[in-house]
Ligand code: GDP
Ligand code: IMO
Ligand code: MG
């Protein structure tokens, strides 16, 4: 068997959580491969809304095994809060959530370092989620990290050494902080974590594949936030792209099957950094209001703009996307005209490929299409799609060279339409 991968093609918040939940019945296992509680994955069904941060989005459909892979960074305090809330709402996890021993722990001092580094950057700050993501991955790569498996082996010594090193850095930055509350909650989280199955997820996933079981890998963030290929330095600190599923779970590249690339019918970004198609006008405000574009976890207002096909084409290439999924189509229901960026103008020259640097001087070149002016939220099948909506889909498919297999027309699990069902 192969693993299928679902990941974001833009700057995150494309709707990954919703679609993982919708697709879960087709799989035996769902596994997160990178990121941490910087993610906020929203699911809605039966009038309930859930936001997941570290726990995979396959947790609500039957008793499927969900895995937190080695590529994930885990904050025990936030994990405890998330897991306890799920248990309280009638979704017990302990037996079916497995956590890689090789996943790195986000320490309380990592969160403080995140804030200190952001403060030191001043106007150039990244606008991180403040969850300690960058400092934790930094320690992983510099071989100073503390892993989930360390909880059961010489933990006090490993934690103490890492904390002491972080406190030295904070002192050198003259950064004032109080660790007491954070550390207390974190230690409670460590105790709580011990009830879960710690696994070698690379063995587990490969054994599932050998046994003919199907696995869906869930990405966090999006391709434009990838540490290598995103809009550096305004990115997150992990590989959000498809290759991240190989390193973040221990899956060989030739085991990758379908790659589901997910995007909004427009585009959003939260935090600082370049965004060529960003709108600062009434249209952008309408996208924000109609799309409820506020961070799932932080509540921060998301910046909104038209779809960027230059960036999307790049994302499709980097990830080897085999199937596209378009989200939040309904948000554009009332628009007279839909614009799509098909090229960038830089220094008067038009280019249609994603350049080294989009930090300055990029002017989007737009194609315009008529809006569909129809309420999409009640649609049940693609037969009901208005002509203009189909024209938008066809235009995007031609530009991106990949078929759009799923269209989402509202936040609820049920508001999801699969296309080309004859396949
Ligand atoms: P993720 O991080 O990729 O899982 O996405 P988020 O959960 O952060 O953000 C997506 C938001 O859009 C959530 O509030 C979803 O409930 C909502 N959403 C998902 N699909 C649709 C859709 O098709 N239409 C509308 N209006 N909202 C959607
Ligand atoms: P999901 O999985 C949107 C952004 C932050 C910031 C940058 C670095 O819900 O799509 P970090 O805390 O990771 O060091 O912040 O990345 N960011 C996200 N934006 N969705 C996310 O996750 C994000 N996770 C991080 O806003 O610009
Ligand atoms: Mg999100």
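Some notes on this structure:
- Pair residue 403, residue 152: separation of 7 Å Cα→Cβ label points (nm): 4.6 nm
- Base-10 log of normalised Debye intensity for the stretch 162-223 (one unit scatterer per alpha-carbon) at q = 0.16, 0.18, 0.26 Å⁻¹: -0.85, -0.90, -1.06
- Spin-label zone in the stretch 62-98 - amide nitrogen under 15 Å from a point set 7 Å from the Cα of residue 187 along the C-beta vector: 77
- Each Cα pair under 8 Å and six or more residues apart adds its separation to the average, and for the chain the resulting relative contact order is 20 percent.
- If you run the Gaussian network model on the chain, springs between alpha carbon atoms under 10 Å, then out of 145, 361, 371 the most flexible one is 361.
- If R0 equals 22 Å, the separation of the Cβ atoms of residue 356 and residue 317 corresponds to a calculated FRET efficiency of about 0.90.
- All C-alpha pair distances within the stretch 110-182, sorted into 10 Å bins from zero, spread as 18, 50, 28, 5, 0 percent across the bins.
- Taking label positions 7 Å along the Cα-Cβ direction at both residue 285 and residue 195, the computed distance is 4.8 nm, reported to one decimal.
- Dividing the C-alpha radius of gyration of the stretch 353-417 by 2.2 N^0.38 Å, with N its residue count, gives 1.43.
- For the chain: span of alpha carbons on each principal axis (Å, largest first): 64, 50, 40
- A Förster radius of 30 Å combined with the Cβ-Cβ distance from residue 213 to residue 247 puts the calculated FRET efficiency at roughly 0.90.
- Under the shape rule built on the C-alpha gyration tensor, where the axes satisfy a ≥ b ≥ c, the stretch 91-242 is oblate, since a/c reaches at least 1.5 while a/b does not exceed b/c.
- Highest-fluctuation residue, 380, 221, 34 considered, GNM on the chain with Cα pairs under 10 Å: 380
- The angle between the Cα long axis of helix 180-193 and the longest principal axis of the Cα atoms of the chain comes to about 90 degrees, rounded to the nearest 10.
- Descending semi-axes in whole angstrom, ellipsoid equivalent of the stretch 1-128, from the Cα gyration tensor: 27, 17, 15
- Helix-only arithmetic for the chain: the sum of -39500 (n - 2.57) across DSSP H runs with n ≥ 4, divided by the residue total, places the mean residue ellipticity at 222 nm at -9000 deg cm²/dmol.
- Per-q log10 I(q)/I(0), the stretch 266-387, q = 0.15 Å⁻¹ (Debye; single scatterer per alpha-carbon; no solvent): -0.80
- Calculated FRET efficiency for the pair residue 300/residue 120, C-beta based, R₀ 25 Å, to 0.05: 0.75
- GNM flexibility winner over the chain from 127, 12, 35 (Cα, springs under 10 Å): 127
- Kirkwood Rh in Å, taken over the stretch 328-367 so that all alpha-carbon pairs contribute: 11.8 Å
- Packing-based order for 175-185, 96-106, 21-31, using average beta carbon neighbours within 10 Å, highest first: 96-106, 21-31, 175-185
- Contact order relative to length of the stretch 24-92, as percent, for alpha carbon pairs under 8 angstrom and 6 or more apart: 37 percent
- Available extension along the chain between residue 46 and residue 383 is 118.8 nm, counting 0.36 nm per residue and deducting the alpha carbon span.
Here, each number is a calculation from the coordinates, and none is a lab measurement. These numbers were taken from a predicted model, which means no experiment stands behind them. With ideal geometry, Cβ positions are generated from the backbone for all residues, glycine too; neighbour counts draw on all protein chains shown.
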